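Data block below; observations after.
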Amino acid sequence: MKYSVKIFFLLLFPMIGLAQNTVVNITPEKFSKNIDAFNIDTIDGWVFHKGNDSNWAKKDIDVKGWEKLKPTDLSAKYADKNSRVEGWFRIKVTFDSSLLNKVLYVDFGQWAATAFYVDGELVTARGNTGAKGKDFREYNGGLDPVSIRFNTPAAHILSLHYVGYLSPIPPYDVKTQTLKKVIRLGGPNYITKVLNNYKTLYTFRTSWMVVCAILSVLFWLLLFQNRKEKNLFWIALYTSALFFYTYYSYTDPSGTSFNEFKIKIIVSDLFQISTIVLLLPILLIKVFKRKINNKLILSLIILIVVNEIGTFLTSSFSIIVQYIYGGSFIFVFGICLYYAITSWKNLMGAQWAIVGGLIFTISILLGGFILILILPNLFESQYSNLLFNSFFNLGFPFSLLIYVSIRFKEMINEVQANAQTVLELSEEKREQALIQQKVLEEEVTRQTGEIRKTFENLKSTQSQLIQSEKMASLGELTAGIAHEIQNPLNFVNNFSEVNTELLDELGEEADKGNLEEVKAIAKDIKENEQKINHHGKRADAIVKGMLQHSRSSSGVKEPTDINALADEYLRLAYHGLRAKDKSFNATLFTHFDDSIGMINMIPQDIGRVILNLITNAFYAVAEKKKQIGEGFEPTVSVSTKKTDGKVEISVKDNGNGIPQHIKDKIFQPFFTTKPTGEGTGLGLSLSYDIVKAHGGEIKVVNSEGGGTTFAIYLPNE
């Protein structure tokens, strides 16, 4: 289809046709190598007669009064008052000897009804032209060519009865670009090559959609966890708009009405132009901490409106529309470069990731223009075209992911530094207060005020650290979830590849006319699609679990399977640590009491407690492994059991254990045995408070032979 589009733009003006007795010779050189097809509706030799007479299909009729007109040159002047065109096309052709006795294919355009004849004999019809008193019905199906074979070198008359509507304001010149194909002649490999092109297109499109969807969900989750980071809103909005653009782009017109397809094209264009022209500059302004210029934003909105209006213009303005569209992109990228260059000296840390993504995207765009000048036919290949679009569309979103990763690391470091500063100041203030209280009794009131002020600062910092601990918990889960979600995605990819091969076999068997084998292959494809759906739902469940963990607790208890909860967090924590440290390995044991059943708890809160204990256990065995080396086998076990009307959840490791002199301190806020920068000292403190709020208790004991066991006791409600 895309090659018929290009050929049409080269034939903008009607050309004078040949007489009916002129014979057009069809040779293999006329067929496109990409799809093994020849747009026969664009060549000279066609004649046209408006109206309808079934005798016009006959082989030998007088065509003196017929107009020399190619099917692609139909215009509104041939339409009636209802914008409907009806008429007959005829052309006389011969076929090169290399095409004789071979299966050829005839394919037809959409949103029109056609009846195709060879030497006066009806071959096939698409839609209903209104013949035999039936109502007119346009054809808008998918790939459905008819096979045909020419056995003699004699000339043949091809006749086409055409009935269709012409839209006065088609979007993107739909009737003259994408959908102008009236009739196409395909070679022996036409179906196979077209199906391969479809598979390639859908594979790339699906990949873009999945990447954009994952990034969009991830950024929205991070925004909900840290709403003070305002830039995350614009990043999430940008990737969401990019996802909807990839979803609506490359819309398949099959099975849709012309107006439905027109709406999809307009929506796709609106998301693309809004993403690039409006959201990208605003995002850069926010990240670079520049002031928003209202006049600039108004200008960008006007550009979007102009582009959307341009999509309704007729073909006589299509070149102008394309210039406006391209000019808008150049203007916006110029603005982005201006902000990047003028902010150059003030850029720090994560901001450089945005600059890198912008430079990469512009380099891809400029590189594409240069390659077109050097190699004009480079992007005739569908693979080249799709690879270029992949780099152009996904380069900047990946730079946003890098920016967010670096930015969160900076935030954690800032919070920890502030906490340390506040703690040092707090201790100093307290000592001064005690000294002054002994010396000057009258200073008590003033000193009390200072202590209260300091305490408020400490509470504020504690809230920040609690938020930091929650973000660290989400970070621990993210890597594990990425590992867990990889398995269903691998199944999706594998079954998709199997379906690709089955579709190839389907095309081959269809060519052979082997209906039973086609049905068998179609059944296999359906079963694979069900498996793809199953594993897609598994990935969906994992993402929903991550979303539940990231949400703030509702404070409402609900029946929960404690065994499943403990097992899930054990695997996620282990794969999360493995994602950060490939050298880490540990033996995992689980001993779950199946008789426990469901118990009432707040799953988000108890889940954070279990995750914290398991993460600490992995840290302990990893540190011991570093000290001892190869002779040590890290082991972590998680178990549950009923005991005296309670449920016990135990997390055991064979690390170095906890020194006796600090065991009484481990549940105190801000107390940590980890090096500076690796812990906030709030994990066990928060865990202690959560368990107490559930009416339970948490205990710690050193195991025989080294190691530590944390035991949680919850009411068996």
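The values are calculated or read from the model by the stated rules, or taken from the named source; none is laboratory data. What you see is a predicted model, and the numbers here were worked out from it, not measured in a lab. Note: ideal-geometry Cβ built from the backbone for every residue, glycine included; neighbour counts use all protein chains shown. What goes into the accessible areas is simple: the full protein's heavy atoms, side chains included, and nothing from ligands, DNA or RNA. Shrake-Rupley method; radii C 1.70, N 1.55, O 1.52, S 1.80 Å.
Given the conditions (1) loosely packed, with under 14 Cβ neighbours inside 10 Å; (2) modelled with pLDDT of 80 or more, and given that residue 327 satisfies all but one, which numbered condition is not satisfied?
Result: residue 327 fails condition (2) only.
Give me the pairs, please: first residue somewhere in region 621-644 and farther than 12 Å from residue 655 by Cβ, second residue anywhere and open to solvent by 20 Å² or more (accessible area, probe 1.4 Å) and among the acidic types (Asp, Glu), beta-carbon distance under 7 Å, and either six or more positions apart or on two chains.
Filtered contacts from region 621-644: 640/593; 640/648; 641/593; 641/648; 642/593.
When region 1-45 is examined, which residues are found to be of a type in the set (Asp, Glu), surrounded by 16 or more Cβ atoms within 10 Å (Cβ to Cβ) and modelled with pLDDT of 80 or more?
Matches in region 1-45: 41 only.
Given (1) modelled with pLDDT under 85; (2) closer than 26 Å to residue 586 by Cα; (3) of a type in the set (D, E, K, R), identify the lone condition not met by residue 652.
Just one mismatch for residue 652, condition (1).
Looking for something assigned to a helix (DSSP H, G or I), modelled with pLDDT of 80 or more and either open to solvent by less than 40 Å² (accessible area, probe 1.4 Å) or under 30 Å from residue 619 (Cα atoms) (or both) - is there at least one such residue anywhere in region 499-516?
no
Being open to solvent by 60 Å² or more (accessible area, probe 1.4 Å) and at pLDDT 80 or above is the filter here, so list the residues in region 415-437 that pass it.
Correct list: 418, 420, 421.
Between 313, 279, which is over 25 Å from residue 246 (Cβ atoms) and either surrounded by 13 or more Cβ atoms within 10 Å (Cβ to Cβ) or modelled with pLDDT of 80 or more (or both)?
313
Take the conditions among the charged types (D, E, K, R) and closer than 17 Å to residue 562 by Cβ and apply them to residue 644. Does it pass?
yes
Restricting to region 611-632, give me the number of residues that are under 34 Å from the mean Cα position of the chain (by Cα) and surrounded by fewer than 23 Cβ atoms within 10 Å (Cβ to Cβ).
Adding up the residues that qualify gives 1.
Mind checking which pairs have a first residue in region 147-160 that is more than 25 Å from residue 49 (Cα to Cα) and open to solvent by 70 Å² or more (accessible area, probe 1.4 Å) and a second that is of a type in the set (D, E, K, R) and part of a loop (DSSP other than H, G, I, E, B), Cβ under 7 Å, 6 or more apart or different chains?
Pairs that qualify, where the first residue is more than 25 Å from residue 49 (Cα to Cα) and open to solvent by 70 Å² or more (accessible area, probe 1.4 Å) and the partner is of a type in the set (D, E, K, R) and part of a loop (DSSP other than H, G, I, E, B), are 149/102.
Can you tell me how many residues in region 647-666 are over 17 Å from residue 562 (Cβ atoms) and hydrophobic (A, V, I, L, M, F, W, C)?
The qualifying residues number 3.
Regarding residue 117, is this residue closer than 20 Å to residue 39 by Cβ and modelled with pLDDT under 90?
Here the answer is no, as residue 117 does not meet what is asked.
Can you name every residue in region 231-261 that is surrounded by fewer than 21 Cβ atoms within 10 Å (Cβ to Cβ), modelled with pLDDT under 75 and touching a helix residue (DSSP H, G or I) at 6+ places or on another chain (Cβ under 8 Å)?
249, 250, 251, 256
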